[in-house]
Amino acid sequence: MWMKDVFGTDKPVIGLVHMHAMPTDPKYDPATGVQGVLDAARKDLHALQDGGIDGVLFCNEFSIPYTDDVQTVTIATMARVIGELKPEIKAPLGVCVASNAEMGFDLAAAVEADFIREILHGAAAGVYGISNVQPG
């Protein structure tokens with residue numbers, strides 16, 4: 001089973017780093033800037049790892065309201081933050097780009113993630129509205 005191969009257990013506990021709003025997001029804090037996003041992510045990462053999680057997942061949870069028009073700067077900021085934290089990450093690394101699976105794959109490749117969390121195929125209605133992802 002791939003989960004045991006990746007996480008060392010059949011039922012992993014995956015901690016989510018809810019990344020703060022990115023540049024161009026409505027709730028972005030220009031006073032703290034990208035450094036503020038990095039500092040908050042570092043604090044969450046260490047709290048999760050100290051708590052004994054089996055994997056860590058980074059997602060742009062505060063890029064709200066979610067749209068399928070995710071800005072390039074969001075992915076660039078996520079990649080920078082994860083890249084700077086990579087030496088501190090002790091658990092398997094995952095990524096999620098809220099409402100854009102294609103960018104999730106791109107980010108995963110850039111940061112050499114071990115797994116992703118995305119809506120990968122088919123049509124669905126959910127928290128992000130109507131998704132129609134074509135896996136090809």
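Please list 3J(HN,Hα) in residue order for segment 108-115, calculated via the Karplus relation 6.51 cos²θ - 1.76 cosθ + 1.60 where θ = phi - 60°; whole Hz, with x for glycine and proline.
Result, rounded to whole Hz: 4, 5, 5, 9, 6, 5, 8, 7.
Pop the C-beta distance of GLU102 and ILE130 into the FRET formula with R0 = 25 Å and round what comes out to the nearest 0.05.
0.95
Would you be so kind as to identify which of CYS96, LEU85, LEU107 lies farthest towards the positive end of the dipole of segment 65-108, taking Lys and Arg as +1 and Asp and Glu as -1 on Cβ and the Cα centre as origin?
LEU85
Helix-only mean residue ellipticity at 222 nm, the chain, DSSP H runs n ≥ 4 weighted -39,500 (n - 2.57), per residue, nearest 500. What is it? All intermediate terms of the calculation are to be shown ahead of the outcome.
Values: 4 runs with 49 residues, N = 136.
Mean residue ellipticity, 222 nm, calculated: -11000 deg cm²/dmol.
When the chain is fully extended, how far beyond the present Cα-Cα distance does MET1 get from ARG80, taking 0.36 nm per residue of separation?
25.3 nm
Classify segment 59-112 as rounded, prolate or oblate from the Cα gyration tensor: take a ≥ b ≥ c as the square roots of its eigenvalues, call it rounded if a/c is under 1.5, otherwise prolate when a/b beats b/c and oblate if not.
The shape class here is prolate.
Let's see if you can work this out: charge +1 on each Lys and Arg Cβ, -1 on each Asp and Glu Cβ, no other charges. What is the dipole magnitude of the chain about its Cα centre, in debye to the nearest 20?
Magnitude of the dipole: close to 180 debye.
For Cα extents along the principal axes in Å, pick the label among (i) 74, 32, 22; (ii) 41, 34, 28; (iii) 40, 37, 23 that corresponds to the value derived from the coordinates.
(iii)
Each residue of segment 44-52 in order: what ³J(HN,Hα) in whole Hz does its phi give by Karplus 6.51 cos²θ - 1.76 cosθ + 1.60, θ = phi - 60°, with x for Gly and Pro?
Listing the rounded values in order: 5, 4, 5, 5, 5, 5, 5, x, x Hz.
Run the quick spin-label model on THR67 and ILE14: label points 7 Å from Cα toward the beta carbon, then report their separation in nm to one decimal.
With each label placed 7 Å out from Cα toward Cβ, I get 2.7 nm.
Answer with one residue from PHE7, VAL34, VAL70: the one whose Cα lies farthest towards the positive end of the charge dipole of the chain, charges on Cβ with Lys, Arg +1 and Asp, Glu -1.
Farthest towards the positive end: PHE7.
For segment 62-67, what does the Karplus curve 6.51 cos²θ - 1.76 cosθ + 1.60, with θ = phi - 60°, yield as ³J(HN,Hα) per residue in whole Hz, taken in order and with x for Gly and Pro?
9, 7, 10, x, 5, 9
Let me check against my output: what whole-number percent is the relative contact order of the chain, with C-alpha pairs under 8 Å and at least 6 apart?
Relative CO of the chain lands at 22 percent.
Write out the chymotrypsin sites (Phe, Trp or Tyr not before Pro) in segment 36-114 meeting two conditions: DSSP loop, and at most 16 other Cβ atoms within 10 Å of their Cβ.
Values: sites: PHE58, PHE62, TYR66, PHE105; in loops: PHE62, TYR66.
Loop-located and lightly packed - TYR66.
Among the lysines, which have Cα under 19 Å from the Cα of LYS11 when same-chain residues fewer than 8 positions away are ignored?
Cα-Cα hits under 19 Å: LYS90.
Enumerate the amide H contacts of LEU16 below 5 Å, restricted to partners 5 or more residues apart or on another chain; note that Pro and chain-start residues carry no placed amide H.
LEU57
Roughly how many Å is it from the Cα centre of segment 1-38 to that of segment 40-94, as a whole number?
Segment 1-38 and segment 40-94 have Cα centres spaced 3 Å from each other.
Here, each number is a calculation from the coordinates, and none is a lab measurement. It should be emphasised that the depicted structure is a prediction, and the values quoted were computed from it without experimental measurement. For neighbour counting, all protein chains shown are included, and Cβ atoms are generated from backbone atoms with ideal geometry for every residue, glycine included.
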